[in-house]
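The values are calculated or read from the model by the stated rules, or taken from the named source; none is laboratory data. In this text the structure is predicted, and so the values were computed from the model without any measurement. Neighbour counts run over all protein chains shown; Cβ positions are idealised from the backbone, glycine included. Areas reflect the complete protein model, heavy atoms only, side chains present, ligands, DNA and RNA absent. Shrake-Rupley method; radii C 1.70, N 1.55, O 1.52, S 1.80 Å.
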Amino acid sequence: MADDKDVLRDVWFGRIPTCFLLNQDEVTEREAEPYYLLLPRVSYLTLVTDKVKKHFHKVIRTDDAEEMWFEYEGTPLKWHYPIGVLFDLHASNTVLPWSITVHFKNFPERDLLHCPSHSVIEAHFMSSIKEADALKHKSQVVNDMQKKDHKQLWMGLQNDKFDQFWAMNRKLMEYPTEDGGFRFIPFRIYQHSLHTFIATFLLCFVPVSAVCSYCSDTRSLSSPTLSDRPFIQKQFRPVSPEGHVHTLGDLLKEVYPVALPNEGGPKRFQVVIHGIEPLLETPLQWLSEHLSHPDSFLHICVIPVPSD
């Protein structure tokens with residue numbers, strides 16, 4: 001990969017000032033003081049919040065406490081999404097610090113996966129790395145690694161050790177020069193709201209009468225049905241068969257054209273990676289090498305342009 005260590009460091013050390021507040025219905029002993037943390041964008045909520053749990057356990061009856069979970073403005077936060085993705089998707093236009101509500105009761109079974117230990121996070125993290133390497137290298141690189149190499153990747157993330165992680169992760173970012181890039185780019189595109197996405201797509205491409213009929217039909221659909229596909233993911237090569245270097249704009253045009261502005265029309269969406277809007281002309285291979293999360297996926301958030 002191109003050696004641009006400053007970019008890699010900036011991505012790794014990205015932080016989000018966050019204020020954790022205990023759900024008021026769960027305070028039992030005395031008033032709970034908020035707890036402040038600088039959350040690493042590239043990590044996972046349940047991996048970096050042990051201190052939050054310890055802090056709030058002081059003011060609740062631990063006998064009544066169930067698994068800790070987090071919510072922002074009524075939306076349960078999926079721990080298996082990187083923290084930066086959660087922020088960009090749900091709170092990118094909020095005033096800092098990011099205010100997260102902490103719960104120890106009424107776990108939302110239909111919205112969140114359970115996370116009883118760090119080993120669950122490790123298993124999810126390594127599964128993502130293996131899936132990404134299957135796309136990039138037919139799993140050849142990750143299969144050639146030893147168990148201690150896998151552990152080094154995990155420990156680097158868990159302990160926030162940039163050099164430890166990248167000493168091993170560099171292997172996952174290599175490719176033969178003649179190939180011009182990976183086999184496929186591991187990416188996931190997240191919509192701010194599936195309802196917003198569907199409505200915008202229909203208004204752009206479907207007659208108004210059909211939109212009205214669709215909206216009437218979907219009122220009876222349950223939310224789990226609408227959230228079965230929380231992100232878009234498909235095979236996409238960094239270079240075309242003709243040798244054309246694919247860009248971020250090429251990817252969106254192929255798999256999510258709604259995110260792109262209509263010619264001459266107003267900009268409707270922001271395309272955000274690690275809190276920034278890369279130029280649509282940026283080569284996808286470069287983005288994958290430098291702006292992927294530690295799980296080797298390029299996480300792309302498409303959110304509505306904030307209204308004035």
Filter the stretch 110-154 down to the residues that are within 20 Å of Gly181 (Cβ to Cβ) and basic (Lys, Arg), then identify the one that is least open to solvent (accessible area, probe 1.4 Å).
-> Lys136
With Phe125, Phe107 as the choices, which residue is within 28 Å of Glu33 (Cβ to Cβ) and touching a residue at least 24 places away in the same chain (Cβ under 8 Å)?
-> Phe107
Only one of Val59, Val52 that is open to solvent by less than 30 Å² (accessible area, probe 1.4 Å), touching an Asp or Glu at 6+ places or on another chain (Cβ under 9 Å) and over 21 Å from Val11 (Cα atoms) | Val59
Just checking, how many residues over the stretch 245-292 are over 19 Å from the mean Cα position of the chain (by Cα) and of a type in the set (Ser, Thr, Tyr)?
-> 2
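Can you pull out every residue in the stretch 80-98 that is out of contact with any Gly (no Cβ under 8 Å at 6 or more places or on another chain) and open to solvent by less than 20 Å² (accessible area, probe 1.4 Å)? It would help to see each step written out before you state the result.
Keep residues of the stretch 80-98 that are out of contact with any Gly (no Cβ under 8 Å at 6 or more places or on another chain), which gives 80-83, 85-86, 89-91, 93-98.
Within the stretch 80-98, Tyr81, Pro82, Ile83, Val85, Leu86, Leu89, Ala91, Trp98 meet the criteria.
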Failed condition for Val102, given (1) surrounded by fewer than 20 Cβ atoms within 10 Å (Cβ to Cβ); (2) within 30 Å of Asp10 (Cβ to Cβ), with all others met?
-> (1)
So which residues in the stretch 80-131 are β-branched (Val, Ile, Thr) and more than 13 Å from Met68 (Cα to Cα)?
-> Ile83, Val85, Thr94, Val95, Val120, Ile121, Ile129
Which condition number does Asp10 fail, the rest of (1) open to solvent by 20 Å² or more (accessible area, probe 1.4 Å); (2) under 15 Å from Phe70 (Cβ atoms) being met?
-> (2)
Across the stretch 151-165, what is the number of residues that are over 16 Å from Gly14 (Cα atoms) and either in contact (Cβ under 8 Å) with a residue 60 or more places away in the chain or touching a Gly at 6+ places or on another chain (Cβ under 6 Å) (or both)?
-> 2
Qualifying residues in the stretch 295-308 (those that are in a loop (DSSP other than H, G, I, E, B) and over 11 Å from the mean Cα position of the chain (by Cα)) - the one surrounded by the most Cβ atoms within 10 Å (Cβ to Cβ) | Ser296
Residues that are open to solvent by 60 Å² or more (accessible area, probe 1.4 Å) and in a strand (DSSP E or B), drawn from the stretch 245-290 = Val245, Ile276
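Identify, please: which residue in the stretch 234-244 is over 20 Å from the mean Cα position of the chain (by Cα) and of a type outside the set (A, V, I, L, M, F, W, C) and is, among those, farthest from Tyr81 (Cα to Cα)? Walk me through it before giving the result.
Taking the stretch 234-244 as the starting set, the residues that turn out to be over 20 Å from the mean Cα position of the chain (by Cα) are 237-244.
Add one more test, that the residue is of a type outside the set (A, V, I, L, M, F, W, C), and what stays is 237-238, 240-244.
Details: Arg237: 24, Pro238: 24, Ser240: 30, Pro241: 33, Glu242: 35, Gly243: 34, His244: 32 Å.
Out of the qualifying residues, it is Glu242.
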Hey, does the stretch 98-114 have a residue that's within 25 Å of Pro283 (Cα to Cα) and hydrophobic (A, V, I, L, M, F, W, C)?
-> no
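Please determine, by comparing only the residues of the stretch 32-49 that are of a type in the set (Phe, Trp, Tyr) and farther than 18 Å from Asp88 by Cβ, which one is surrounded by the most Cβ atoms within 10 Å (Cβ to Cβ).
Tyr35
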